[in-house]
1. What list do you get for 15, 43 if you sort them by fewest beta carbons within 10 Å?
2. Angle, helix 90-103 long axis vs. longest principal axis of the chain, Cα atoms, 0 to 90°, nearest 10?
3. Please build a GNM for the chain, connecting alpha carbons under 10 Å apart, and tell me which residue among 14, 69, 80 fluctuates the most.
4. Take 9, 52 and order them by how many other Cβ atoms sit within 10 Å, fewest up front.
5. Given axes a ≥ b ≥ c from the Cα gyration tensor, I'd like to know whether the range 25-77 is rounded (a/c under 1.5), prolate (a/b larger than b/c) or oblate.
6. Compute the orientation-averaged projected area for the range 1-48 from the convex hull of its Cα atoms and round it to one decimal in nm².
7. Can you bin the range 41-105 into rounded, prolate or oblate? Criterion: square roots of the alpha carbon gyration tensor eigenvalues sorted a ≥ b ≥ c, rounded for a/c under 1.5, prolate for a/b above b/c, oblate for the rest.
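Throughout, read-outs are computed from the coordinates displayed, never taken from laboratory work. Please read all numbers here as calculations on a predicted model, not as lab measurements. Positions of Cβ are generated from backbone atoms using ideal geometry, with glycine treated the same way; all protein chains shown enter the neighbour counts.
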Ligand code: FES
């Protein structure tokens, strides 16, 4: 919501009226291509069942919009509250760093 990660289960409609909402479907390229974060999750092996992936990707995107080169601790902090039963988190953190390098190559 307005480039901040929010938990949709805790939002009321009145709290998002007039605000910009980005969903996991909305971050893909117009031609349907994957967002660099989505591709990085695939390339880093950060997706297994995929249940957590939309929340992880959108939380990571909110972080990368304000922090172009986060360290591992900053990524963990940004993703806290997103639970993954499959990957053990290391690949997810790898994916976020990989995406940051692709999205902001000169930083
Ligand atoms: Fe299965 Fe994260 S990939 S819960």
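1. Details: 15 10, 43 16.
Ranked by crowding around the Cβ, least crowded first: 15, 43.
2. Tilt of helix 90-103: around 80 degrees.
3. Result for the chain, Cα springs under 10 Å: 14 fluctuates most.
4. On the way: 9 5, 52 21.
In increasing order of surrounding Cβ atoms, one gets 9, 52.
5. Numbers: a/c = 1.86, a/b = 1.29, b/c = 1.45.
Oblate, since a/c reaches 1.5 and b/c is not below a/b.
6. Working: hull surface 18.1 nm².
So the mean shadow area of the Cα hull is 4.5 nm².
7. Numbers: a/c = 1.81, a/b = 1.42, b/c = 1.27.
Prolate is the answer for the range 41-105, as a/c is 1.5 or above and a/b outweighs b/c.
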